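In what follows, a single structure is set out as structure tokens and then discussed.
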2 protein chains.
Amino acid sequence: MTIKANDPSLKSWIEVPTDSDFPIQNIPFGIVSFGEGPKPATRIGNTVVDLSILADFGFFDELDIKDLSVFYEPVLNDFIALGKQARIAIRERLSELFCESCSELKTNEEACKLALKSIDEVEVLMPVAVGDYTDFYSSIEHATNVGIMFRDPDNALLPNWRHLPVGYHGRSSSIVVSGASIHRPKGQTKPNDEEPPVFGPSRLFDFELEMAFITSGQTSLGESISVDKAEDHIFGLVIFNDLSARDIQKWEYVPLGPFLSKSFGSVISPWVVTLEALEPFRVEGPNQEPEVFPYLKAHGKRNFDINLQVFIQPEKGEPSLVCRSNFKYMYWNMAQQLAHQTVNGCNINPGDMYASGTISGPTPDSYGSMLELSWRGTKPITLQDGSQRKFINDNDAIIMKGYAQNDKVRIGFGESVTKVLPANP
Amino acid sequence: MTIKANDPSLKSWIEVPTDSDFPIQNIPFGIVSFGEGPKPATRIGNTVVDLSILADFGFFDELDIKDLSVFYEPVLNDFIALGKQARIAIRERLSELFCESCSELKTNEEACKLALKSIDEVEVLMPVAVGDYTDFYSSIEHATNVGIMFRDPDNALLPNWRHLPVGYHGRSSSIVVSGASIHRPKGQTKPNDEEPPVFGPSRLFDFELEMAFITSGQTSLGESISVDKAEDHIFGLVIFNDLSARDIQKWEYVPLGPFLSKSFGSVISPWVVTLEALEPFRVEGPNQEPEVFPYLKAHGKRNFDINLQVFIQPEKGEPSLVCRSNFKYMYWNMAQQLAHQTVNGCNINPGDMYASGTISGPTPDSYGSMLELSWRGTKPITLQDGSQRKFINDNDAIIMKGYAQNDKVRIGFGESVTKVLPANP
């Protein structure tokens, strides 16, 4: 199927700055407040478009959408639940309306006045009510680095790692949108093996650079999704900052996994970029050896070439780039993750979120966490202002960016920005 | 504060069979379908009372409830969100309406005809839309048994166990209500250490006898709930059957915890028994040694004396009692669990569910899982029909019951019933 909205030659009558993450070929979906409560929206350049107004003016009337109320909901879940075909149709329609050759919206002054706002005038909100949230552990470079640091350099990967996409359930309530201020968590840690644990603010505050996909489908308990159909259940992707308190994690995680070391906050980018918009950026994933079970055999290009960056910005300084990675490094792809998640009959819902796990690349500057970048604190990172970081300081901001780019088009995610506040008293 | 609805001398004009779990002193909350969509309800004896009809007739008008729409919702979440004082007031009002000395409802033939149905005429549904779900691991007998079996009999408890209530996040979407049929999950297992993993139906299908509490409060990210205030955020309890595939669990759980071995289904009892109804059954918990951190120091009686039973019923046989345990055995109580869950600033919502972990007692007949009852398959259990079980067979039903009882009153939970079906092809 050709996706007309992806045509690199399309231009919009809405201004799109050079190198914008949001050209007419992107058309992501999000939730914004225009001062009157949350509304579904899209973004083009630095202009936010209120989809409820477009619905008011009948711009979606010719699409085969049963219930236009999805354009008025305070979260995208019902919109997402429309599924792949409706989403494609809506994106094609928006592309048409924004296209310079189309006068339909452009010449409707009243609609434009009501629907189009500058990004600076709106508040960008959480796009979905997250149902269930899973965090995978699918970067072989990350898992290997962690294995070298904490276990055995000669057997860094655990025996199950190459057989299944290891994952665990995380806390949905604490997933928040870019711009969040997150307090350093308090908790139990055991700084010294010979002494009892202590209680207080975490000293090893870290980020994890991840991407997350959001599911659109609903399945029944007992049903599995095949790896070849899995992508049909994926709505789109966001950048995911999986904040982690390494010292809390170390003391709590045996035997049932990370818990309070993660649940104090995770921060996503606000615009959900559809899988359709990312089609031009499909690439082959790494070779999987040993051969995986049939239920995990994904055919075709299932990885995506998405450049990822992490910056640390001290309170009164400029952002320093500390990591350049890429989503294409993932050993286990999204189709495999979703097939694995449901192979036991686990049901899914629209608005579930599935994070990749830390995305580290092969070189030290591509490691997706401070744990790896500073190699457990042994190699501090120097920022532009000359200050050093082993982990994240109070009042630092963590900025994550992501974009796919070829010689014709750039499809970006914007940012996930997290301000780290001191622990609450 | 005296809770009038708990007065053991109260009698109802609605018939309550001897030894019913649902005397007038219980007044649990649930969701039922009377053939016209899900409605909030309570149960007394074998009679289900539609709260929406009572609201229609104005029986709640004198209570200070801002929005009566909570009595018409398809799940209890908004009702639960009213909080402790409103819940107490509604329960007191219902007690009054059901009391033999009160003619208000009893003599209103039309209201009675519409609101009161036999339990046999209604379908009992999932009481809440579960937000986040945590599974704790708070029985010292269970953790010790597992440690003896899988680790070191001399150091059965891991170093962190007595310092914090170990827990992990679980899958909310697959929590379903009593009466569910759950397919045996498929997945990867590694039956033989020397050979590669295999894929197929789990061979070690187990139950875990647990209780779960549901929170009523909403907190902001960054906020913690003190151990002394924690119970104010608890709406009530249900029986929780945490189905577990032991062979899948063993292969997948290192290092990030149980995942697909749990997410194929968990089955709760349908009537949420309020914390108020359980007040008469408070008991001291076990002594905690070493002393816990101040944020976990719970004063007063925080455990509850609730008898728990598990039965296995073969397809064509009678139920056999295989376990008698008690919720009072918990080492970590609910107040401590919720204080721990939020000490890092993790936010909670009405409708979140927090399960206890397997509740094992001190004697072999009180172990809360087949893993422990059959001691990893080495001591098969003999059922009434002469058949033996190491784990659960296809077409077995697992029945869990729970009730608190003193010489004056019995407050029960009814049942959590799970039918186990063969794996899907």
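Details
- Interface burial for A against B (accessible surface, 1.4 Å probe, total of both chains, Å², rounded to 100): 5200
- Theoretical ellipticity at 222 nm over the protein assembly as shown - DSSP helices of four or more residues, -39500 (n - 2.57) apiece, nearest 500: -4000 deg cm²/dmol
- Cross-link partners of B:Lys390 among aspartates and glutamates (Cα-Cα below 16 Å; sequence separation of 8 or more within a chain): B:Asp206, B:Glu208, B:Asp247, B:Asp365, B:Glu372
- Convex hull projection area averaged over all views, region A:317-373, Cα basis, nm²: 5.9
- Share of carbon and sulfur in the accessible heavy-atom surface of region B:1-130 [1.4 Å probe, %]: 46
- Sorted shortest first, the separations between the B:Glu96 label point and its copies elsewhere in the assembly read 6.1 nm; each point sits 7 Å from Cα along the Cα-to-Cβ line.
- Put simply, the Cα atoms of region B:372-425 extend 47, 29, 21 Å along their principal axes, the longest span coming first.
- Computed over region B:295-425, the P(r) curve from all C-alpha pair distances, binned at 5 Å from the origin, holds 2, 9, 15, 18, 17, 14, 11, 8, 4, 1, 0 percent per bin.
- Threshold 30 Å² - residues in region A:142-176 whose accessible area is reduced by that much or more when the chain is no longer isolated, probe 1.4 Å: A:Leu158, A:Asn160, A:His163, A:Leu164, A:Val166, A:Gly167, A:Tyr168, A:His169, A:Arg171, A:Ser173
- Cα Rg, Dmax, chain A, angstrom units: 21.6, 74
- In units of the rule-of-thumb radius 2.2 N^0.38 Å, the protein assembly as shown shows an alpha carbon radius of gyration of 0.96.
- Taking every lysine pair in region B:4-125 that is 8 or more places apart or spans two chains, those with Cα atoms closer than 15 Å amount to 4.
- Think of each Lys and Arg Cβ as +1 and each Asp and Glu Cβ as -1; about the Cα centre, that makes the dipole of region A:202-277 roughly 360 debye.
- Centre-to-centre separation between the Cα atoms of region B:61-122 and those of region A:96-172: 44 Å.
- The residues of region A:327-343 listed by number as losing at least 20 Å² of accessible area in the complex, against the isolated chain and with a 1.4 Å probe, are A:His340, A:Gln341, A:Val343.
- Only Lys, Arg (+1) and Asp, Glu (-1) charged, at Cβ; the protein assembly as shown dipole about Cα centre in debye: 1600
- Couplings 3J(HN,Hα) of region A:255-263, computed from phi: x, 10, x, x, 9, 6, 5, 10, 7 Hz, in residue order, whole Hz [Karplus 6.51 cos²θ - 1.76 cosθ + 1.60, θ = phi - 60°; x for Gly and Pro].
- P(r) tail, region A:231-344: Cα-Cα pairs separated by more than 18 Å, 66% of all pairs.
- Eligible lysines near A:Lys186 by straight Cα distance, threshold 18 Å, same-chain separation 8 or greater: A:Lys250, A:Lys262, A:Lys419, B:Lys297
- Sequence-distant contacts, meaning Cα pairs under 8 Å at least 6 residues apart, place the relative contact order of region B:342-425 at 16 percent.
- A 1.4 Å probe run over the protein chains yields, for region A:4-125, 46 Å² of accessible area per residue, whole-number rounding.
- Ellipsoid semi-axes for region B:4-125, based on the Cα gyration tensor and the rule √(5λ), read 20, 17, 14 Å when sorted largest first.
- Inter-centroid distance (Cα atoms) of region A:182-260 relative to region B:295-371, Å: 25
- Taking every C-alpha pair closer than 8 Å and separated by at least 6 residues, the mean separation divided by the residue count of region A:4-125 gives a relative contact order of 33 percent.
- J(HN,Hα) series, region A:360-367, from Karplus relation 6.51 cos²θ - 1.76 cosθ + 1.60, nearest Hz, glycine and proline x: 9, x, x, 9, x, 7, 10, 6
- The trypsin sites (Lys or Arg not before Pro) of region A:298-358 that DSSP puts in a loop, and whose beta carbon has at most 16 other beta carbons within 10 Å, are A:Lys301, A:Lys316.
- Residue of chain A whose Cβ sits closest to the axis mapping A onto B, with distance in whole Å: A:Gly257, 1
- Apportionment of accessible area to carbon and sulfur, region B:131-272, percent (1.4 Å): 51
- Other-copy label distances relative to B:Asp64, 7 angstrom Cα-Cβ extension, nm: 5.5
- Burial here means at least 10 square angstrom less accessible surface with every protein chain in place than with the chain by itself, probed at 1.4 Å; in region A:243-260 the buried residues are A:Trp251, A:Glu252, A:Tyr253, A:Val254, A:Pro255, A:Leu256, A:Gly257, A:Pro258, A:Phe259, A:Leu260.
- Length-normalised contact order of chain B in % [C-alpha pairs under 8 Å, at least 6 apart]: 21
- Label geometry 7 Å along the beta-carbon vector: A:Asp407 inter-copy distances in nm: 9.2
- Relative to the longest principal axis of the Cα atoms of chain A, the long axis of helix A:140-150 lies at roughly 20 degrees.
- Among B:Glu100, B:Glu195, B:Glu123, the largest mean-square fluctuation in a Gaussian network model of chain B, built with springs joining Cα atoms closer than 10 Å, belongs to B:Glu195.
- Carbon + sulfur, % of accessible area of region A:281-353 - ligands and nucleic acids excluded, 1.4 Å: 45
- With protein chains left intact and a 1.4 Å probe, residues in region A:177-325 average 35 Å² of accessible area per residue.
- Kirkwood hydrodynamic radius of region A:288-336, Cα pairs, Å: 13.5
The values are calculated or read from the model by the stated rules, or taken from the named source; none is laboratory data. This structure is a prediction, so every number in the text was calculated from the model and none was measured. Using ideal geometry, Cβ is built from the backbone for each residue, glycine included, and neighbour counts are taken over all protein chains shown. Keep in mind that these areas ignore ligands, DNA and RNA; they rest on the heavy atoms of the full protein, side chains included. Shrake-Rupley method; radii C 1.70, N 1.55, O 1.52, S 1.80 Å.
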